[in-house]
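Down below is the structure, laid out as structure tokens.
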């Protein structure tokens with residue numbers, strides 16, 4: 001299915017020069033509650049799909065002989081564990097390491113591979129007390145992210161302005177990882 005999607009893209013557009021890998025699902029359960037089926041599905045959609053699309057798109061980029069750019073979408077949950085999100089945290093942590101390994105393998109072919117790490121995006125509606133409220137309060141820039149924040153980071157990563165960057169992650173999180181848990185220890 002993934003290979004067929006890449007082949008169709010090549011037929012319709014004449015090649016692939018840029019790919020943004022952005023597929024994921026969450027399983028909001030602890031290790032004690034997560035079923036094997038939920039674990040497998042989260043890994044398949046969130047991590048394996050990025051591996052497969054990365055593999056088949058990279059093969060096409062190599063065949064074209066003009067390099068390329070791949071951006072994998074990670075998550076702040078991949079940098080730090082989070083309660084009741086075991087499968088998602090593991091998968092997004094895998095995306096970060098997948099990105100670095102892909103960068104090592106594909107650099108000789110002039111294919112740059114990077115990731116973008118967003119945090120919660122949207123409005124403060126629905127945030128109540130507890131951990132989610134603390135998480136919102138710890139975003140240094142004082143707001144949730146907007147889709148354009150992530151889009152601008154991706155645009156930079158696929159532009160010539162980032163031509164000497166590969167294997168890197170841009171955190172588009174308003175500073176939330178810089179302060180994660182700080183208020184819990186004071």
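What follows is calculated from the coordinates using simple rules that are stated; it is not laboratory data. Remember, predicted model here, so these are calculated numbers, not experimental data. Every residue, glycine as well, gets a Cβ built from its backbone with ideal geometry; the counts of neighbours run over all protein chains shown.
Per residue, the convex hull around the alpha carbon atoms of segment 17-78 comes to 72 Å³.
Listing 2, 95 from the residue with the fewest other Cβ atoms within 10 Å to the one with the most, what is the order?
Working: 2 15, 95 22.
Lowest to highest Cβ neighbour count: 2, 95.
Each label point was placed 7 Å from the Cα along the Cα-to-Cβ direction; for residue 2 and residue 22 their separation is 1.9 nm.
Note the full-extension length gain between residue 146 and residue 80 as 0.36 nm times their separation in residues minus their Cα-Cα distance, in nm to one decimal. The partial results should precede the final answer.
On the way: separation 66, 0.36 × 66 = 23.76 nm, distance 2.14 nm.
Gain in length upon complete extension: 21.6 nm.
Each label was represented as a point 7 Å from its Cα along the Cα-to-Cβ direction; for residue 10 and residue 163 these points are 2.6 nm apart. In this simple spin-label approximation, residue 110 and residue 55 carry label points 7 Å from Cα along the Cα→Cβ vector, and these lie 2.6 nm apart.
Taking the C-alpha atoms only, the angle from helix 49-64 to the longest principal axis of the chain is near 30 degrees. Largest GNM mean-square fluctuation across 18, 31, 111, computed for the chain with C-alpha springs under 10 Å, falls on 31. Sorting 79, 146 from the fewest to the most surrounding beta carbons within 10 angstrom yields 146, 79.
Kirkwood analysis of the Cα pair distances in segment 2-176 returns a hydrodynamic radius of 17.1 Å. Computed over every Cα-Cα pair of segment 59-104 and binned at 5 Å starting from 0, the pair-distance distribution P(r) comes out as 5, 20, 23, 17, 13, 9, 8, 4, 1 percent. This ranking places 51, 156, 164 by how few other beta-carbon atoms lie within 10 Å of each, fewest first, which gives 164, 156, 51. Select from 34, 76, 117 the residue whose mean-square fluctuation is largest in a Gaussian network model of the chain (Cα-Cα springs shorter than 10 Å). Fluctuation is largest for 34.
Taking 0.36 nm per residue of sequence separation and removing the Cα-Cα distance, the residue 156/residue 66 pair yields an extension gain of 30.5 nm.
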